[in-house]
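In what follows, a single structure is set out as structure tokens and then discussed.
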Amino acid sequence: MACSKRKNMETFYGQVINIIKHDETTFSFDIETEEISKWTPGEHTFLIVRVGEKEVGKKLSIASSPHEGFLRFTTRVTEPRSDYKEVLVNLVKGEYVKLGKPEGVLKLRRELRPLVLLSEGIGIAPMRAMVSSYVDNQNHISEMIQLSLDEIGDIYKEEFDLYKSDLKHFSSYYLSSKAGYFDMLHHELRMLMKRQDLEPIIYLTGTDDFVDENVIRLKALGFLDIIKDDPKAGCNGCGSH
């Protein structure tokens, strides 16, 4: 299975310092470790727990930025639960887990250009890391726009709404229908290009269908600098995980 722990991978210990229940199916786990102090917002890693007699790891996007001092993993747990997710939701503060080395193609770039973050469902996790990094330091990012399509929730909406009121060049939108999402996307891109002289860097996470449809529409509009996560390689890229 693509999400399973790789053999002979380097691992590090981390301790659970906080658990957040966003809603009935969405949880965040904050992990503190002295062994991993640097990563690029947008990357993922393996979160490894013991399931019975085996260690099982799944790729999960990191939802925090390095300045926060911990690694956060945000995931949905739906029924029927896998054995891995069952262990995950029963973790307690103070418990130790293992982590892989952060990696991935979603890497925050600071090139004096606007950034557009497009996600579906739990794909908001790596976007939250980028938003957090931008809130901490707006250098070399002229503007940031976040759009999330989520039919069952609005993860991090309250947090992002606070940033909207504090930051002049940050916008955040949550849409529950695909039609509404694409209408808002097209509108925001038109307005963005009226304000900016440079093409935005566009980050994209979600299911295969979501990613493919966005890429087709974006390219048709002339936007080519698209950085997309691979939902088959990272569990958090898929809204069902």
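So the values come out like this:
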quantity: Count of residues meeting criterion [out of contact with any Ser or Thr (no Cβ under 9 Å at 6 or more places or on another chain), among the hydroxyl-bearing types (Ser, Thr, Tyr) and modelled with pLDDT of 95 or more] in segment 28-39; calculated: 1
quantity: Test: Ile155 is over 20 Å from Ile19 (Cβ atoms) and out of contact with any Cys (no Cβ under 9 Å at 6 or more places or on another chain); calculated: no
quantity: Total residues in segment 124-153, condition in contact with a Pro (Cβ under 8 Å, 6 or more places away or on another chain) and either at pLDDT below 95 or outside any strand (DSSP E or B) (or both); calculated: 5
quantity: Complete set of residues in segment 154-167 that are in a loop (DSSP other than H, G, I, E, B), among the hydroxyl-bearing types (Ser, Thr, Tyr) and surrounded by fewer than 18 Cβ atoms within 10 Å (Cβ to Cβ); calculated: none
quantity: Qualifying positions in segment 160-177 - under 24 Å from Arg113 (Cβ atoms) and of a type in the set (Asp, Glu); calculated: Asp166
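One line per residue, one yes/no per condition, for (1) of a type in the set (Lys, Arg); (2) surrounded by 14 or more Cβ atoms within 10 Å (Cβ to Cβ); (3) in a strand (DSSP E or B); (4) touching a residue at least 60 places away in the same chain (Cβ under 8 Å):
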residue: Leu47; (1), (2), (3), (4): no, yes, yes, no
residue: Val56; (1), (2), (3), (4): no, yes, yes, no
residue: His67; (1), (2), (3), (4): no, no, no, yes
residue: Arg81; (1), (2), (3), (4): yes, no, no, no
residue: Tyr84; (1), (2), (3), (4): no, yes, no, no
residue: Val87; (1), (2), (3), (4): no, yes, no, no
residue: Lys98; (1), (2), (3), (4): yes, yes, yes, yes
residue: Pro114; (1), (2), (3), (4): no, yes, yes, yes
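The values are calculated or read from the model by the stated rules, or taken from the named source; none is laboratory data. These numbers come from a predicted model, not from an experiment. When we count neighbours, we look across all protein chains shown, and the Cβ atoms used for this are built from the backbone with ideal geometry, even at glycine.
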